[in-house]
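Participant: Shown below is the structure under consideration.
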Amino acid sequence: MLVPCLLLNTGKFLFLMIAVDLDLGNYERFLDITLTRENNITAGKIYQSVLEKERRGDYLGKTVQVVPHISDAIKNHIESVATIPMDGQEGPADVCVIELGGTVGDIESMPFIEALRQLSFSVGPDNFCLIHVSLIPVLGVVGEQKTKPTQLSVRELRALGLTPHLLACRSAQPILDNTKEKLSQFCHVPACNILNIHDVPNIWHIPLLLTNQNAHHSILKQLNLVRIATAPDLRDWTNMAATYDNLTNSVKIAMVGKYVGLADSYLSVVKALLHACVACSLKPSIDWIAATDLEDESSKLKPEAHAAAWETLRKAACVLVPGGFGDRGVKGMILAAKYARENKVPYLGICLGMQISVIEFAGSVLGWEKANSTEFDDGTLYPVVIFMPEGSKTHMGSTMRLGSRRTVFQTADCITKRMYHNSEYVDERHRHRYEVNPEFIETFEEAGLKFVGKDETGKRMEILELPSHPFYVGVQFHPEFKSRPRRPSPVFLGFILAATGQLDLYLEKQMNGS
């Protein structure tokens, strides 16, 4: 995490991410900034823009080529976004940080490398700092730290016209002095510019680790910014990292989803749980439950997995059903929501998780056994969740309700509003194609399921609560996207407080202003 270290030393920044995946959320969380879609470049986005220009005749009939058309499109995007004021700042940023994902030599990244080569030449050596991240593996039998992979990747990078100014070396253990000397000699990088990012107790130690190696000074020196940079103030960050290291108690959280085989699918949710737990002086203990293992069919096909899933669910202090697409595992999610509702276990449903709670309530409480979402059953008698009317079922791209949308609270007497400090509305990010059918809202509310948050039109359901339950909340938006290490999402914080029996006391203190 070089970027947080750099941010804490200069002040005003723009962050432009190229070919980034999960790292985009990490940058937002670490830096406590809000990025937009313009801060992310993908190959598909670039190719689409070039083809649209070609169709319009912008290239005057010339043959479209990777160089110069694709590389120029990448450069132009970087340069245009770099001039836009970022996250409430005035004027352009001091530094534009570009992350190029992938591995040196990959076909996918070649146009981006060429674009950066051209950019480095056009902006000049004092305005360009290249940090190359590489792994320093250790052979299990010999135990020697091997530098050859890094040597080869640097050689390949230099052959492509880019020479790294710093090396960021990933390793399990701190790299030895002789390893650093060898890297310096064969990679043509000063030893003081070789940074070691070895494994640490938690990710919040990374900026501290880099600062201790004077990473910020090396970067600022290369960019000729030493004179205007301020000294890093990492006291609060140090306390946060130390606090987590010293936590001993934990809370068991059942995460019921369909992508639990790849935990990174829910990385933002996991981080939001971590932020909320640390705020409650707890460590998160997440028990991953494959939704399909909870289903009745699983008891016949995989009885051991079925029994283990239910045992894990019953031992959890709270239940969370995150977002997702498709009908796989939906029955298991419905059973998890039912278990949480009937047994007064704190429940949080996000996006699909909210829709699941609506389907479960319709079937179990209202007696609509055939109630379902039209995503899973087009012919359901009770379509309690429907496709958004303005959406397109023939085009998958650009058909979701995306980005920040406003949710207006409908009542002051609800947990969610109080967790948001009694705000009249909240702005949270969305990512969905289906929504609760407004035709059934009156029936749901008469039966006790309250929709306490709606969009500005009053037609879209954004937040639901079950007042008879200690904490049964569903949100159509994704609160995890705005959660930060020092500012946990109010929804997640309330969820963890309820799981540990602290919610009432927290709300009481908040009411009294203490």
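The values are calculated or read from the model by the stated rules, or taken from the named source; none is laboratory data. Model, not experiment: these values are computed from the prediction. Because the Cβ atoms are built from the backbone with ideal geometry, glycine has one as well, and the counts that use them run over all protein chains shown. We work out accessible area using only protein heavy atoms, side chains counted, and drop any ligands, DNA or RNA first. Shrake-Rupley method; radii C 1.70, N 1.55, O 1.52, S 1.80 Å.
Participant: Looking at (1) over 19 Å from HIS478 (Cβ atoms); (2) open to solvent by 60 Å² or more (accessible area, probe 1.4 Å); (3) touching a residue at least 24 places away in the same chain (Cβ under 8 Å), which one does ASP264 not meet, given that it meets all the others?
Facilitator: (1)
Participant: Is there a residue in region 415-425 that is more than 25 Å from PRO488 (Cα to Cα) and either in contact with a Leu (Cβ under 9 Å, 6 or more places away or on another chain) or β-branched (Val, Ile, Thr) (or both)? Please lay out each step first, then the result.
Facilitator: Of region 415-425, the ones more than 25 Å from PRO488 (Cα to Cα) are none.
No.
Participant: Hey, does region 340-360 have a residue that's of a type in the set (Phe, Trp, Tyr) and surrounded by fewer than 20 Cβ atoms within 10 Å (Cβ to Cβ)? Write out each step before concluding.
Facilitator: Narrowing region 340-360 to residues of a type in the set (Phe, Trp, Tyr): 347.
Now narrow it down to the ones that are surrounded by fewer than 20 Cβ atoms within 10 Å (Cβ to Cβ): none.
Looking for residues that are of a type in the set (Phe, Trp, Tyr) and surrounded by fewer than 20 Cβ atoms within 10 Å (Cβ to Cβ), one finds none in region 340-360, hence no.
Each row is one residue, and each column tells you yes or no for (1) over 19 Å from the mean Cα position of the chain (by Cα); (2) at pLDDT below 95.
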| residue | (1), (2) |
| --- | --- |
| LYS252 | yes, no |
| MET255 | no, no |
| LYS258 | no, yes |
| LEU262 | no, yes |
| SER265 | no, yes |
| SER268 | no, yes |
| SER299 | yes, yes |
| LYS302 | yes, yes |
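Participant: Which one is modelled with the lowest pLDDT among residues in region 79-112 that are small (Gly, Ala, Ser) and part of a loop (DSSP other than H, G, I, E, B)?
Facilitator: GLY88
Participant: Of everything in region 182-216, what is assigned to a helix (DSSP H, G or I) and surrounded by fewer than 16 Cβ atoms within 10 Å (Cβ to Cβ)? Give them in sequence order.
Facilitator: From region 182-216, those assigned to a helix (DSSP H, G or I) are 182-187, 191-193, 203-212, 215-216; that's our starting set.
GLN185, PHE186, ALA191, CYS192, ASN212, listed by residue number.
Participant: If we scan region 412-420, do we find a residue that is closer than 30 Å to GLU38 by Cα, open to solvent by 50 Å² or more (accessible area, probe 1.4 Å) and either in contact (Cβ under 8 Å) with a residue 60 or more places away in the chain or in contact with a strand residue (DSSP E or B) (Cβ under 6 Å, 6 or more places away or on another chain) (or both)? Reasoning before the result, please.
Facilitator: In the first step, residues of region 412-420 are kept if they are closer than 30 Å to GLU38 by Cα; the result is 420.
With open to solvent by 50 Å² or more (accessible area, probe 1.4 Å) added as a condition, the list becomes none.
No, the conditions are met nowhere in region 412-420.
Participant: Conditions first: (1) open to solvent by less than 30 Å² (accessible area, probe 1.4 Å); (2) assigned by the TED database to the domain that holds GLY326; (3) polar (S, T, N, Q). SER281 passes all but one, so which condition is the exception?
Facilitator: (1)
Participant: Could you tell me whether region 114-121 includes any residue that is open to solvent by 40 Å² or more (accessible area, probe 1.4 Å) and within 28 Å of ASP32 (Cβ to Cβ)?
Facilitator: Scanning region 114-121, I find no residue that is open to solvent by 40 Å² or more (accessible area, probe 1.4 Å) and within 28 Å of ASP32 (Cβ to Cβ), so the answer is no.
Participant: Continuing with this model, one more query. Does GLY25 satisfy being modelled with pLDDT of 80 or more, surrounded by 14 or more Cβ atoms within 10 Å (Cβ to Cβ) and either more than 23 Å from HIS216 (Cβ to Cβ) or within 20 Å of the chain's Cα centre (by Cα) (or both)? Explain how you work it out, then say what you get.
Facilitator: On the way: modelled with pLDDT of 80 or more: yes; surrounded by 14 or more Cβ atoms within 10 Å (Cβ to Cβ): yes; either more than 23 Å from HIS216 (Cβ to Cβ) or within 20 Å of the chain's Cα centre (by Cα) (or both): yes.
Considered against the rule, which asks whether it is modelled with pLDDT of 80 or more, surrounded by 14 or more Cβ atoms within 10 Å (Cβ to Cβ) and either more than 23 Å from HIS216 (Cβ to Cβ) or within 20 Å of the chain's Cα centre (by Cα) (or both), GLY25 comes out as yes.
Participant: Of all residues in region 92-107, which are open to solvent by 30 Å² or more (accessible area, probe 1.4 Å), of a type outside the set (Val, Ile, Thr) and over 23 Å from the mean Cα position of the chain (by Cα)?
Facilitator: Here is the first cut: in region 92-107, the ones open to solvent by 30 Å² or more (accessible area, probe 1.4 Å) are 92, 94, 96, 98-100, 102-107.
Applying the additional criterion that residues be of a type outside the set (Val, Ile, Thr) yields 92, 94, 96, 99-100, 102, 105-106.
The answer is PRO92, ASP94, GLY105, ASP106.
Participant: Starting from residues that are open to solvent by less than 10 Å² (accessible area, probe 1.4 Å) and among the polar types (S, T, N, Q), keep the ones in region 467-493 and report whichever is farthest from TRP237 (Cα to Cα).
Facilitator: Within region 467-493, the match that is farthest from TRP237 (Cα to Cα) is GLN476.
Participant: Return yes when ALA309 is surrounded by 21 or more Cβ atoms within 10 Å (Cβ to Cβ) and either out of contact with any Pro (no Cβ under 7 Å at 6 or more places or on another chain) or assigned by the TED database to the domain that holds GLU360 (or both) and no when it is not.
Facilitator: On the way: surrounded by 21 or more Cβ atoms within 10 Å (Cβ to Cβ): yes; either out of contact with any Pro (no Cβ under 7 Å at 6 or more places or on another chain) or assigned by the TED database to the domain that holds GLU360 (or both): yes.
Criteria met by ALA309.
Participant: Moving on. Is there any pair with a first residue in region 303-318 that is over 30 Å from LEU493 (Cβ atoms) and a second that is hydrophobic (A, V, I, L, M, F, W, C) and buried (at least 16 other Cβ atoms within 10 Å of the Cβ) whose Cβ atoms are under 8 Å apart and which are 6 or more apart or on different chains, and what are they?
Facilitator: If the second residue must be hydrophobic (A, V, I, L, M, F, W, C) and buried (at least 16 other Cβ atoms within 10 Å of the Cβ), the pairs left are ALA305/ALA290; HIS306/LEU294.
Participant: Limited to region 317-339, what total is found for residues that are over 17 Å from PHE376 (Cα atoms), open to solvent by 10 Å² or more (accessible area, probe 1.4 Å) and under 25 Å from the mean Cα position of the chain (by Cα)?
Facilitator: Adding up the residues that qualify gives 1.
Participant: State the number of residues belonging to region 218-257 that are charged (D, E, K, R), more than 30 Å from LEU313 (Cβ to Cβ) and outside any helix (DSSP H, G or I).
Facilitator: Of the residues in that region, 2 qualify.
Participant: Kindly provide the set of residues from region 134-161 that are surrounded by fewer than 20 Cβ atoms within 10 Å (Cβ to Cβ) and either touching a residue at least 60 places away in the same chain (Cβ under 8 Å) or assigned to a loop (DSSP other than H, G, I, E, B) (or both), ordered by number. Explain how you work it out, then say what you get.
Facilitator: Here is the first cut: in region 134-161, the residues surrounded by fewer than 20 Cβ atoms within 10 Å (Cβ to Cβ) are 135, 137-144, 146, 148-149, 151-152, 155-156, 158-161.
Scanning region 134-161 gives PRO137, LEU139, GLY140, VAL141, VAL142, GLY143, GLU144, LYS146, LEU160, GLY161.
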